[in-house]
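Please treat every number below as a calculation from the coordinates, not as lab data. Predicted, not measured: the structure shown is a model, and the values here were computed from it. FYI the Cβ positions are ideal-geometry reconstructions off the backbone, even for glycines, and counts take in every protein chain you see.
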Amino acid sequence: MEETLLKYRSRLQRRATRALRGAVAAAFLIATTGPAWSWQTAHGKPDNTGFVDVETAPAKSPLANAPRLGSIAPGAGPVIAPDGTVYIGNEQGKLMSFKPDGTPGWSREVGRGQTIAASPAIGSDGTVYVVSVTRQTDDQVDPAVKRVDSTLHRFNSTGGYLGQTVFPDHNGGGGTTASPNLWRFNGVELVMVPAVYRGPVGGMIDIRLLAFSPGGAVVADQHATSITAETTGGGGVPNWYIPICLLPPIGPVICYAGLGGFGAPGSGPMPPPLPGVGIFTNPQGGTPWILLSDHYKDLVGLTFSLADNKFYEAFRVHENNRYMRSAPAILSNLHAIIGTEDIERDYDGNQSGAEKGGIVFSGPNLTKVAPVTGLQEIYGSPTRLKDGRVGLVGARGELTVLNNVTVAGKFRLPGASIASAAASRTHLFVSTTAALHTFDATSLNEVAKLDWTGGGMSPPVIGPLGHVYAIANSSLFVFPPPLNLPTTGTTSGTTGGPVLGGGVFQDSGVPAPAPATPQSQSYTPPLTANNNRLFACEKLDGDDCGKGDHRAIAAAFCAKSGYAQAPQFDVDSKKVKAETLDGRYCSKKKCKVFEEIVCAM
């Protein structure tokens, strides 16, 4: 089954390459070279891990020019271009730009009556994408109904308006409070965002996944999952209410009522927005993985085919006793990690949040890992530190750091938070309603604390020059970079040593298990480290070698790739440059090489 799936994906990739030669796909092409990722999407990179490989200073004293922003929607925050420009959208429908030091740049209104309820995203060509929400009454039907619509707006880096695309209509409107994310593959970039729609049956909610081209065209519009009203929680409110914050009459009442009391003793956490998707591109190749959490009980793993502009479901995880609250963060070993809240049921079977939770793991790596429980409920996406440990921010101010699946530290912080943490090479930054905290990334000692009010709703973010940005009380706080760093010319990912990875997590001070690897992998064809075809004989003049040589070399190749065996291989003689695993070259006109090696655990 696994081998069939891999071969199918390989065929899709070849079809996609051919399709790119056509005129339609050509409209989506972008330059394949460009600057490294900065904090261009809501949680850093598209994998939502919230890590930037730059040095920072502790967030002690913000720069004096803390600009006022207007009201910022719950969960929304800044994004940062590779040149350090900061972009933020507010609930008054204004997209704003700032220089790295917080000096205001340009600002643009997206349209009268439109609200920006999520972080923007910055494309590889500098295009700024932002989604707005409009609530209105449709008088064209009888009786009149209230509807919600979302629109994708596009700006260039100088504030020029490039156009807009209204989200597709299904059953009367449809919108989102999720942040857009960016999918890149084979020189193509697409903007992907989940959206909430009324389902075909009363009380049902559909979550659809949309993909837009850089020019604003709707490339894909596909159903991903549905939520059906089962029972009710406290106060008669449906327990699936959080994903439908956009849909009147429940949405405005549930999601925006009582904001002033957020973080007050006994007030409980505020409902966060619909999570954006997580996108992971495997450095070993293959189409990127797309993970969608419906904020209820399902996580869906998908891939996208450029050949026919469709999403294909690869796996689905259902949790009967937990709500999946956070956007999925995808680790380098292909395990996704999602913050959860436990479900409690009364004697009548009514479900509600238990105000405690933890995390669950899912694919694309299908090796099972037990959930981590006994924590506070977690709404912010988990954050990966440089050494592979993971920071989790509890809704009532508990910071937990995991090494592998073991709790390496817990810190009780004042206030509440629905915001993800942000990690640099040197620090971990956590925002709560009461303060902004800075922890040393290695020792986990708290090295700075800035008291404030009105925090905990927007994630802190880190710029490519080492600036730290955080939002509280409708103001942008800007913290300067370390004094010993250059002030220009540095981009994320270009400085410092390699980021450790491998196991579920990894920590330089505590032993971690061996890296988790997919159960099998097909190499078609297998290549050497110098990108040459793999020679299939042990002796350079042994072109007539048999299966004994083939089997031994295939097994050695798989062992170097982290697999225990080579159950399948295919060999042929070809006029190619062939190389052995130890760097020797075949000198014959035709050399026996591997066409395919399938490795397995």
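Laid out as a table, the results:
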{"read-out": "Where only alpha carbons of region 302-359 are counted, the Rg and the Dmax (Å)", "value": "15.8, 51"}
{"read-out": "Sites Asn473 and Gln565 - FRET efficiency at Förster radius 51 Å, r taken between beta-carbons, to 0.05", "value": "0.30"}
{"read-out": "Packing-based exposure ordering (other Cβ within 10 Å, fewest first) of Glu91, Glu538", "value": "Glu538, Glu91"}
{"read-out": "³J(HN,Hα) computed for each position of region 419-426 - Karplus, 6.51 cos²θ - 1.76 cosθ + 1.60, integer Hz, glycine/proline x", "value": "9, 5, 7, 10, 10, 10, 4, 10"}
{"read-out": "Fewest-first ranking of Trp39, Trp106, using other Cβ atoms within 10 Å as the exposure measure", "value": "Trp106, Trp39"}
{"read-out": "Extension gain from Gln164 to Val369, taking 0.36 nm per residue of separation minus the Cα-Cα distance", "value": "69.5 nm"}
{"read-out": "Ratio of Rg to Rh over region 66-137 (Cα coordinates, Kirkwood Rh, two decimals)", "value": "0.97"}
{"read-out": "Relative contact order for region 520-600, counting Cα pairs under 8 Å that sit 6 or more residues apart, in percent", "value": "44"}
{"read-out": "Least to most buried among Leu483, Leu291, Leu302 (fewest other Cβ within 10 Å first)", "value": "Leu483, Leu302, Leu291"}
{"read-out": "Fully extended contour minus Cα-Cα distance, from Asn531 to Ala217, at 0.36 nm per residue", "value": "109.3 nm"}
{"read-out": "Long-range Cα-Cα pairs in region 520-600 (distance over 19 Å), rounded percent", "value": "24"}
{"read-out": "Relative contact order computed over region 373-428 (Cα-Cα under 8 Å; 6+ residues apart), in percent", "value": "35"}
{"read-out": "Simple spin-label estimate for Tyr312 and Arg112 in nanometres, 7 Å along Cα-Cβ", "value": "4.8"}
{"read-out": "Integer Hz, Karplus 6.51/-1.76/1.60 couplings in order for region 98-104, x for Gly and Pro", "value": "9, 6, x, 8, x, 5, x"}
